[in-house]
Amino acid sequence: MTDAPILALDNVSKVFGEVYAARAVSFALHSGRTLALVGESGSGKTTAARLIMREYTPDQGQLLFRGAPMGRADGKALKAYRSSVQMVFQDPFASLNPAHTIHYHLDRPLRLHQRNLTRAQRRAAVEELLQRVKLDPAQLMAKFPHELSGGQRQRISIARALAVNPQVIVADEPTSMLDVSVRLGILNLLNDMKAQLGLALLYITHDIATARYVAEDIMVMYAGQIVEWGDMEAVLGNPQHPYTRLLLSAVPDPDKRFSEAGEELSQIETIRRQSALPQPEIVRIADNHFIRPMP
Ligand SMILES: Nc1ncnc2c1ncn2[C@@H]1O[C@H](COP(=O)(O)OP(=O)(O)OP(=O)(O)O)[C@@H](O)[C@H]1O
């Protein structure tokens with residue numbers, strides 16, 4: 001790939017006490033592509049997301065946006081970053097305010113970020129956002145979050161993220177709290193957004209099967225480090241790191257329906273305890289277009 005990355009973590013570490021929640025993590029996101037960050041609970045995935053969302057500042061290394069270090073960004077650059085980089089959370093119940101209508105949730109970011117729009121233009125924009133996430137505006141605008149299903153709520157979260165015309169979306173386990181029957185719809189929606197809007201997506205999950213469904217590239221995180229990365233099919237077809245092999249062993253058939261695979265992967269912690277994994281050792285499977293060589 002030759003296009004410049006939109007966003008990158010460059011050799012970033014984040015330490016809590018003695019624990020490296022992230023250690024020398026480097027990766028980049030490109031428009032129109034999804035990078036899956038895969039690892040079990042506690043591996044550092046959410047820390048990586050928080051570093052990108054600027055909830056944590058790196059102890060070492062830097063966050064780059066369009067090549068510029070965010071550590072030195074001024075107010076204007078920070079504002080641009082905040083609308084360019086949006087997050088979709090695991091729990092669509094917790095991320096919407098029960099006291100406000102769906103219209104309010106989508107109108108608010110438009111009011112804050114596109115101040116030149118008239119009320120009528122904002123209303124049209126809200127309708128367009130709902131249509132984009134395949135919900136019926138006439139039916140849903142006046143409703144409150146509790147009147148919606150989990151899948152509909154997650155669609156609203158995605159619409160709200162899209163309201164500010166982002167270039168990057170970080171989706172942290174966006175389907176894990178949803179009914180199995182609606183997960184595929186959300187994953188398809190993420191794939192559509194990537195293709196139609198050219199978004200760069202970071203898809204965070206413990207579930208290799210859904211990762212394979214949405215992402216071209218995969219990064220495996222273990223104990224705060226990226227231990228393996230590369231093209232999705234190349235890594236899954238020929239995993240080099242014992243931890244990747246272990247993650248995959250919980251999904252013996254990668255073509256299996258992701259819902260079944262997800263359940264099996266929830267047993268990964270048990271498997272890990274039984275098999276006494278070696279200390280993380282970084283394996284580079286190939287020169288790769290989206291990640292800098294590890295030191
Ligand atoms: N604010 C914090 N204070 C102290 N330790 C933290 C903090 N945030 C994360 N950690 C530690 O850093 C490590 C990585 O945590 P992190 O939440 O990033 O993992 P994760 O892969 O996202 O797990 P999960 O899937 O359960 O969210 C863990 O050992 C965790 O206990």
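The values are calculated or read from the model by the stated rules, or taken from the named source; none is laboratory data. Keep in mind it's a predicted model, so treat the numbers as computed, not measured. Using ideal geometry, Cβ is built from the backbone for each residue, glycine included, and neighbour counts are taken over all protein chains shown.
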### Query
Hey, which of the strands (runs of 3 or more DSSP E) in the stretch 159-237, taking only ones fully inside, have at least 1 residues that are within 22 Å of residue 113 (Cβ to Cβ)?
168-172, 200-205
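A quick yes/no check of all residues on (1) farther than 21 Å from residue 218 by Cβ; (2) at pLDDT 90 or above:
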| site | (1), (2) |
| --- | --- |
| 2 | no, no |
| 8 | no, yes |
| 11 | no, yes |
| 18 | yes, no |
| 32 | no, yes |
### Message
Residues that are surrounded by fewer than 18 Cβ atoms within 10 Å (Cβ to Cβ), at least 2 per element: which strands (runs of 3 or more DSSP E) completely within the stretch 25-143 meet that?
### Response
60-65
### Query
For the stretch 144-156, how many residues are surrounded by 14 or more Cβ atoms within 10 Å (Cβ to Cβ) and among the acidic types (Asp, Glu)?
0
### Task
May I ask you to list the residues in the stretch 77-123 that are more than 20 Å from residue 155 (Cα to Cα) and of a type in the set (Phe, Trp, Tyr)?
81
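Regarding the stretch 216-230, can at least one residue be identified that is within 18 Å of residue 88 (Cβ to Cβ) and polar (S, T, N, Q)?
Looking for residues that are within 18 Å of residue 88 (Cβ to Cβ) and polar (S, T, N, Q), one finds none in the stretch 216-230, hence no.
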### Query
Of (1) surrounded by 21 or more Cβ atoms within 10 Å (Cβ to Cβ); (2) of a type outside the set (D, E, K, R); (3) under 21 Å from residue 48 (Cα atoms), residue 239 satisfies all except one. Which?
(3)
### Summary
Residues of the stretch 1-45 being away from the ligand (no atom under 15 Å from the Cβ), free of Cβ contacts under 8 Å to residues at least 60 places away in the same chain and under 20 Å from residue 171 (Cβ atoms), in sequence order, are 8
